[in-house]
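Would you mind keeping the following structure in view while I ask a few things?
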Amino acid sequence: MTAFTEMVKTLSPVAWRIAFRILANNESAEDAAQESMVKLWRNLSRFRDNQKFSSWFYRIVVNCCYDELRKQKRNIVHKTDERTWFILGEIVKGDNSEGPSIEEYAEIMEAVTEKLTPAQKTVFVLSDLEGMDNGQIEQVTGMGRNTVKANLHYARKRVMELIKERF
């Protein structure tokens, strides 16, 4: 139990960070991170030695995020305000020395990923924000190599289009 407590202390911030980047909502991210810790505990005996632990863990977190998205039925049209685009512009130009707050970061993430499908958003977050390579993303998401590449290509293209429209 002590070892698992240490594992939770170490992995909870990682789970929250990934969930926050995918869900762009602090409460939803907290729920997904907490649920991922519960699933980690329940499924620890299923972990195979031939797997990479981090990929297995990320997959749990991503699946919890998908569950949260399904629960919320994310068909809500989000209207990003001008302040969010101003903050994003400052970051793009390098003029924002303090960096965005958590709330501002959530708004920025929602603004630049609002037009992405859940799969595109997940691949984009794991690749461009978490720094995973395509092989790791395949393991985490269960997508094939070409599916990961296609989702990442379309996600990057759409994010750049949104940014170029504004700047």
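Defining a contact as two alpha carbons under 8 Å apart and six or more residues distant in sequence, what relative contact order in percent does the range 1-78 show?
On the way: 50 pairs, mean separation 24.8, N = 78.
Relative contact order of the range 1-78: 32 percent.
Output the pairs from LYS71/LYS115; LYS39/LYS157; LYS52/LYS121; LYS9/LYS115; LYS39/LYS115; LYS9/LYS149 with a Cα-Cα distance over 28 Å in this structure; if there are none, say none.
Working: LYS71/LYS115 19 Å; LYS39/LYS157 34 Å; LYS52/LYS121 23 Å; LYS9/LYS115 34 Å; LYS39/LYS115 30 Å; LYS9/LYS149 33 Å.
In this structure, LYS39/LYS157; LYS9/LYS115; LYS39/LYS115; LYS9/LYS149 exceed 28 Å between Cα atoms.
Where does each of GLU68, GLU130, GLU165 land when they are ranked from fewest to most other beta-carbon atoms within 10 angstrom? Working shown, then result.
On the way: GLU68 20, GLU130 16, GLU165 8.
So the ranking, lowest neighbour count to highest, is GLU165, GLU130, GLU68.
Taken together, the values in this text are just the output of simple stated rules run on the coordinates, not laboratory data. No experiment lies behind these values; they were computed from the predicted model shown. A quick note on method: Cβ atoms are made from the backbone with ideal geometry, for glycine too, and the neighbour counts reach across all protein chains shown.
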